[in-house]
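Read through the structure below, which is laid out as structure tokens, and then see the notes.
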Amino acid sequence: MVAEGDLIVVHATMSGRHTGPFVTYDLAGAVESAMPPTGKQFSVAQTHWFRVADGQVIDHWANRDDLAMARQLGWVPPSPLFLLRMALAKRRARRASV
């Protein structure tokens, strides 16, 4: 972490294990897609930039390696079996959101 003036920069590694469905929603709040849990671990680098004024964050920019995370979790490239599991996870997520 580095701070100079009103700018703070954080370089971090995010890591975890994919244990539950990862669901995205459209602007209307409907389920757009769902990634079923793979049980796989991932670790990716991120950089976050914050601008602070009067003790509050007024701007935030982030640089994340989402493609590396997707590859580590087996989302990309998807196998035919994973595509089927995605369709089933999406159906379950839609039913749960009603």
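The values are calculated or read from the model by the stated rules, or taken from the named source; none is laboratory data. Quick caveat, the model's predicted, so the values are computed rather than measured. For the accessible areas, the whole protein counts, side chains as well, though only heavy atoms, and no ligand, DNA or RNA atoms are used. Shrake-Rupley method; radii C 1.70, N 1.55, O 1.52, S 1.80 Å.
General observations
- Residue, most open to solvent (accessible area, probe 1.4 Å), within the range 1-26, restricted to residues that are within 30 Å of residue 96 (Cα to Cα), assigned to a strand (DSSP E or B) and hydroxyl-bearing (Ser, Thr, Tyr): 25
- Filtering the range 27-54 to residues that are within 28 Å of residue 89 (Cα to Cα), part of a strand (DSSP E or B) and among the small types (Gly, Ala, Ser) leaves 33, 34, 43, 45.
- Qualifying residue in the range 55-63 (condition: assigned to a loop (DSSP other than H, G, I, E, B) and more than 17 Å from the chain's Cα centre (by Cα)): yes
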